[in-house]
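Take a look at the structure below.
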Amino acid sequence: MDTLTNKIKISIQGVTKVFPSKRADVMALKNLSLDVMDGEFVVIVGASGCGKTTLLNLVAGFDSASQGQILLDGQPVIGITPECGMIFQQYALFPWKTVQDNVEFGLKMKRIPKAERQEQAARFIDMVGLKGFEKSFPHHLSGGMKQRVSIARSLANDPKVILLDEPFAALDAMTRQVLQEQLVRIYEKHQKTIIFITHSIDEALLLSTRIVVMTARPGRILQEIVNDLPHPRNADVQLSDRYMELKRMIWVSVQAEVMKSIEEETV
Amino acid sequence: MNTKNSSNLALISIVSLVFFLAAWEIYCRMGFIEPLFMPAPSKILSRAIKMLNNWSLLGHTLASTRRVMVGFIVSSLVAIPFGIFLGSSRFFMAVFDPFISLLRPLPSMSWIPLSLLWLGITETQKYSIVFMGSFVPSLLYIIEATKNIDPLLIRAARNLGASEVDVMREVILPGALPQIIAGLKVMLGIAWTCVISAELVAAREGLGFMIMNGKEYFQTDTVLLGMVMISVTVMITDLVFRKFEKRLLPWTL
């Protein structure tokens, strides 16, 4: 992307994460390093249980690394930071708050006055196409709508980085596609730095500017691929030779890791 | 719900009640049972009319209701914030756990001698019995409700910039509210048993006193009327509570 600067937004430096357990300590991540530039859309692909979510939790400050550190704009991440807005697979909307109040939540925490809050929230609700649903409670919404509320809630809080942990994995294929396209449009408009986790290679190719493939546990980086597919990433792109070539390349490396993790489970 | 069906079911309930009362009335009128042991419903009704006319029935009922409400509201107002606090702090839970464990098994009745000694036969003494009977169980309900909050919601709130106090007010309190209210509904019933026991032992008015006094004068109809009034009053407060609940929990509709 032409607006992509060379400024490092997030720097993951030699991070190891060990979860102590009674039987044997589990090493989820091993000496993992990754730099994410300002305005990049990095998609991390890996087999289930490879430590993708662990990595994202470390970036968000939900958990701390056993070794190594994570820098956000050159400052180490210590504790939970609202600068890294997280979007969860299970939406994590507050069931007792309306769509409007959910989206306003971050602004309310910043003690922004009610009128301004309402105006801002309305803008983001409109952006994700949920105008008219402001007064609805989350349990009246479909999964896709809930995830859109969650995206609006995160954007309204204006974080420096948006972290998405398999956000569309629980949605049906059609809804997923709509949301993927919506996310790309939001990314193109706002140029936020995004780290997105998925196990779908197609999703990675459709969304990313760069794809990072992780190994089976303990998670390390196996491969990094700059996604040079042209925009807009519509159905035509998905049928192009370059798309197939990239997909094959990623699949070969992911497949080997999936086999490894399956073998480990059966041992 | 099918409204026709539910009104049919209500009709069945009414018929069942009327049938029971009629059987009871006939059984008494046939002289199968001594009125001292079990007066007929009509006797209880005429006692009720008599006591309504000299305002004493209303006075006793209101006295008990006021005691229950004051004790219950004070106990809830203390238990809700304290329970949320203990439920979200493992350190302070450990500090207070021994006292909660010691107080929990004590029935409210066991506090009556001490409360009489300290407070005399006063209104405050009645409130204190209701308080002691309902506080610890309410607290345990609220701690449990607080612990049942989905940790993902707390995580999401913190990620959106909420402080620990914000999380308690914005996430834990509303998230635990349905369970807290369900617990308080049970506690309201317990508060009534507390006040009746306090009034049975020492009081000058109230439904418990009315029952005890009826016993002293061998007025079994007064005793039974007192018991019926307790049931009716608890049923009415439960109905009021349910209205209140719907207003507080609009998202559960």
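Where helices (runs of 4 or more DSSP H) sit wholly within the stretch B:85-188, those with at least 1 residues that are buried (at least 22 other Cβ atoms within 10 Å of the Cβ) and more than 14 Å from chain A (Cβ to nearest Cβ) occupy B:112-119, B:123-147. Every condition in (1) outside any helix (DSSP H, G or I); (2) exposed (fewer than 11 other Cβ atoms within 10 Å of the Cβ); (3) at pLDDT below 85 holds for residue A:236 except the one numbered (1).
Of the residues making up the stretch A:34-79, those that are aliphatic (A, V, I, L, M), part of a loop (DSSP other than H, G, I, E, B) and either surrounded by 20 or more Cβ atoms within 10 Å (Cβ to Cβ) or on the phi > 0 side of the Ramachandran plot (or both) are A:47, A:65, A:77. Counting only helices (runs of 4 or more DSSP H) that sit wholly inside the stretch A:90-167, those with at least 1 residues that are within 11 Å of chain B (Cβ to nearest Cβ) and either in contact with a Phe, Trp or Tyr (Cβ under 6 Å, 6 or more places away or on another chain) or more than 16 Å from residue B:251 (Cβ to Cβ) (or both) are A:99-109, A:143-156.
Residue by residue, here is whether (1) under 23 Å from residue B:182 (Cβ atoms); (2) away from chain A (no Cβ under 14 Å); (3) part of a loop (DSSP other than H, G, I, E, B); (4) charged (D, E, K, R) holds:
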{"position": "B:213", "(1), (2), (3), (4)": "no, yes, no, no"}
{"position": "B:218", "(1), (2), (3), (4)": "no, yes, yes, no"}
{"position": "B:223", "(1), (2), (3), (4)": "no, yes, no, no"}
{"position": "B:237", "(1), (2), (3), (4)": "yes, yes, no, no"}
{"position": "B:242", "(1), (2), (3), (4)": "yes, yes, no, yes"}
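Checked against (1) under 13 Å from the mean Cα position of the chain (by Cα); (2) farther than 27 Å from residue A:7 by Cβ; (3) surrounded by fewer than 22 Cβ atoms within 10 Å (Cβ to Cβ), residue A:150 meets all criteria but (3). Report, by residue number, each residue of the stretch A:168-188 that is of a type in the set (S, T, N, Q) and either within 14 Å of another protein chain (Cβ to nearest Cβ) or within 28 Å of residue A:119 (Cα to Cα) (or both). Listed by number, the residues that qualify are A:175, A:180, A:182.
Screening A:22, A:7 for residues that are modelled with pLDDT under 90, closer than 30 Å to residue A:263 by Cα and either touching a Ser or Thr at 6+ places or on another chain (Cβ under 8 Å) or away from chain B (no Cβ under 12 Å) (or both) leaves exactly one candidate, A:22.
The values are calculated or read from the model by the stated rules, or taken from the named source; none is laboratory data. If you're wondering where the values come from, they're calculated on a predicted model, not measured in any experiment. FYI the Cβ positions are ideal-geometry reconstructions off the backbone, even for glycines, and counts take in every protein chain you see.
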